[in-house]
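Down below is the structure, laid out as structure tokens.
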Amino acid sequence: MERVKLAKRSRHGKAGLLFVAPFMVVFILTLVVPLVYSGYLSFFRNRLVGGVSFVGTKNYIQAFHDHAFWSGLERVVGFFFIQVPFMLAAALIFALVIDSGKLRFPKVIRILIFIPYAVPAVIAAIMWGYLYGPNFGLLSQISRYLHTPSIHFLNGWMTLPSIANIVTWEYVGYNMIIMYAALKSFSTDLYEAASMDGANDFQLAWHIKIPQLRPAIFLCLIFSVIGAFQLFTEPYQMTPLSPAAINNSFTPNLYAYDEAFVSQNINYAATISFMLGFAVLIAASFVGLVSRQSRKRAVNV
């Protein structure tokens, strides 16, 4: 009997490996291999005399002292603090309002909020670029029609909030769906008991729903950290509209792209990418640590 059980387990294990194999092949070819190759490139440098040579950590030392890289990283950190709190707050409010059951046609409203996420980032940037345009943009045309001063959305300090607005428009529906799905997985017993005790909708949301949503909120926060540090498409598409405000090192991803495909400095671009990866890892780890500490405090209370 034991041999039969072992044989069955062996067959089940082999079947499981066969099911997992296609994913593992794609995962290794599209993520692991490029990552390893990029790490390999970051330790070399293409010299005018002598060709490609091994330089060890010199590229990383150069990146560590590169003002362009650090200014871009500082900019995406500022972008994170501008964009992410507002986006997650809006997503949370939308999820709670739809879950309250007080709206008519909640499915239609949910789809309308989610639709911008289905729009490719390039198309979204072009659409908003048309709205922001200082000469031909819809908002500028409305200002001229009303004889009011037009706002230069892609100039000076307004550039980062304007890009943050685009990203928020794109991803608020995505985060709303995550939170709404989490709300639907909770037992309604607590809601019914609180309602019988006289709790209104706001008290239900604040004291019962939001505390239960903490894991989903922190999950959205980690995704947002990764997305904010990888900011690329929106500023890249906006560069022709605002070349003075958005340069080739506006974000670390833009800087790496410029080094790789404009300056043809593949090795330093790989180094910049790994430095950005380290920054994302540190930020995501910090968010995860805060999440675990928050859960411990909630359990102790």
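The values are calculated or read from the model by the stated rules, or taken from the named source; none is laboratory data. Everything numeric in this text was worked out from a predicted model, so none of it was measured. Methodologically, a virtual Cβ is constructed for each residue, glycine included, from the backbone with ideal geometry; neighbour enumeration extends over all protein chains shown. Surface areas here come from the heavy atoms of the whole protein model, side chains and all, with no ligands, DNA or RNA. Shrake-Rupley method; radii C 1.70, N 1.55, O 1.52, S 1.80 Å.
Remarks
- Restricted to segment 93-121, and to residues there that are in contact (Cβ under 8 Å) with a residue 24 or more places away in the chain and aliphatic (A, V, I, L, M), the residue that is farthest from Asn200 (Cα to Cα) is Ala121.
- Taken across segment 235-242, residues that are under 23 Å from the mean Cα position of the chain (by Cα), over 27 Å from Leu35 (Cα atoms) and free of Cβ contacts under 8 Å to residues at least 12 places away in the same chain do occur, with at least one present.
- Any chance Asn253 is modelled with pLDDT of 90 or more and within 27 Å of Leu131 (Cβ to Cβ): yes
- Counting only residues that are open to solvent by 90 Å² or more (accessible area, probe 1.4 Å) and either touching a residue at least 24 places away in the same chain (Cβ under 8 Å) or under 21 Å from Gly277 (Cα atoms) (or both), segment 21-36 holds 4 of them.
- When the residues of segment 265-286 are filtered to those that are under 28 Å from Asn46 (Cα atoms) and without any contact (Cβ under 8 Å) to a residue 24 or more places away in the chain, the one that is most open to solvent (accessible area, probe 1.4 Å) is Phe278.
- Odd one out for Ala284 among (1) more than 23 Å from the chain's Cα centre (by Cα); (2) more than 19 Å from Gly56 (Cα to Cα); (3) not in a loop (DSSP other than H, G, I, E, B): (1)
- Pairing residues of segment 122-136 that are open to solvent by 80 Å² or more (accessible area, probe 1.4 Å) with residues that are in a helix (DSSP H, G or I), at Cβ distances under 8 Å and at least 6 apart in sequence or on separate chains, gives Ile126/Gln237; Tyr130/Leu138; Phe136/Tyr130.
- Given (1) open to solvent by less than 60 Å² (accessible area, probe 1.4 Å); (2) more than 23 Å from the chain's Cα centre (by Cα); (3) not hydrophobic (A, V, I, L, M, F, W, C), index of the condition Tyr145 fails: (1)
- Among the conditions (1) within 30 Å of His152 (Cβ to Cβ); (2) assigned to a helix (DSSP H, G or I), the only one that Pro243 does not satisfy is (2).
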